[in-house]
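Trainee: The structure under discussion is supplied below as structure tokens; questions concerning it will follow.
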Amino acid sequence: MNTRLVRYLVINAGIGMTAGWSIAGLGVAFNIFGMRDLALTTDVGIVAAFMIFFIFGTTFGSMQMGMAVMALAEGPGALPEGLLRFFRKIAVSKFVGTDDIGTGGTPLIPPSAPAADAE
């Protein structure tokens, strides 16, 4: 078994879980969607709080691990090619004025009609 790969995955899972727990903590602290009320006022509050933190940690940890694995294909520090292609299309559509994201490059702003001669 490749211990460097396992270590890489565990570190990235920890980063994602920490991010998930931070977001869940902010959600509870600011009472978003009544999460704090659910955790503090119901008789199953401890179970609800555990589930909130567990689900956020699992989701963000898995997402970070997946992103790390996909980034391995391109080399260290590189974004996956599909993501780069998507950002290029967004940049083209923003700065050139077309919505070239699979729609054939139709202009976002239709060309203006020629001005009538004011004679």
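Trainee: If you scan segment 1-17, which residues turn out to be free of Cβ contacts under 8 Å to residues at least 24 places away in the same chain and within 20 Å of residue 63 (Cβ to Cβ)?
Mentor: Going through segment 1-17, the residues free of Cβ contacts under 8 Å to residues at least 24 places away in the same chain turn out to be 1-7, 10-11.
Those that are free of Cβ contacts under 8 Å to residues at least 24 places away in the same chain and within 20 Å of residue 63 (Cβ to Cβ): 5, 6, 7, 10, 11.
Trainee: Mind counting the residues in segment 17-76 that are exposed (fewer than 13 other Cβ atoms within 10 Å of the Cβ) and assigned to a loop (DSSP other than H, G, I, E, B)?
Mentor: Residues meeting the conditions: 7.
Read-outs throughout are calculated quantities, based only on the coordinates presented, and are distinct from any laboratory measurement. Here the structure is a predicted model, which is why all the values come from computation and not from measurement. Backbone-built Cβ (ideal geometry, glycine too); neighbour counts: all protein chains shown.
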